[in-house]
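Bear in mind that the values in this text are calculations on the coordinates, not laboratory data. Everything numeric in this text was worked out from a predicted model, so none of it was measured. Backbone-built Cβ (ideal geometry, glycine too); neighbour counts: all protein chains shown.
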Amino acid sequence: ERNLPLEKVKNARDLASTENSPIKPGRVYRIGRVSDATEQDLEILYGQIGVKTLVDLRSPTELRDDPTLEREEVFAGFTDMVFYENGNKVKELGPEEKRMQKISKRDKLKKAVSGAKKNTKEVV
């Protein structure tokens, strides 16, 4: 069977299962929103399959829409690294840092007008 037998995680499969794949079986998996995993799903992923690395390629919008993003039992033992497109850099997050930082409307407004000159119409 192409898809892994997971209860809650959708679209989980071994990428070697596609025809003519150059990937060796059991090496790279495509997994939907892993934060939805049940205890049984986690046993399959971490216990039976032995997943050791998670690479989350979701956009900031997708991450923001994930209510289970910070589940300790899913992400414990992994290093969180975030790619910042604006600075074209990768940053390793500390233990207290969240992958998605909530930015208040006030802070967004401050950032938008921070480079504007006084008494001009640069910010509309």
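May I ask you to derive the FRET efficiency for Glu96 and Asn20 from their Cβ-Cβ distance with R0 = 35 Å, giving the value to the nearest 0.05?
Details: r = 45 Å, r/R0 = 1.29.
Plugging the Cβ-Cβ distance into 1/(1 + (r/R0)^6) gives 0.20.
Along Cα→Cβ, 7 Å out, is where each label goes; now give me the distance between the ones at Lys52 and Arg71 in nm to one decimal.
Reported label-point gap for Lys52 and Arg71 is 2.4 nm.
Return the loop-located trypsin sites (Lys or Arg not before Pro) in segment 1-72 (DSSP other than H, G, I, E, B) with at most 11 other Cβ atoms within 10 Å of their own Cβ; answer none if there are none. Intermediate values should be presented prior to the final figure.
Details: sites: Arg2, Lys8, Lys10, Arg13, Arg27, Arg30, Arg33, Lys52, Arg58, Arg64, Arg71; in loops: Arg2, Lys8, Lys10, Arg27, Arg33, Lys52, Arg58, Arg71.
Those that pass, being in a loop and sparsely packed, are Arg2, Lys10, Arg27, Lys52.
Quick check: residue separation of Lys8 and Ser59 times 0.36 nm, minus the Cα distance between them. What number comes out in nm? Could you put the intermediate results ahead of the total?
On the way: separation 51, 0.36 × 51 = 18.36 nm, distance 2.09 nm.
Between Lys8 and Ser59, full extension yields 16.3 nm more.
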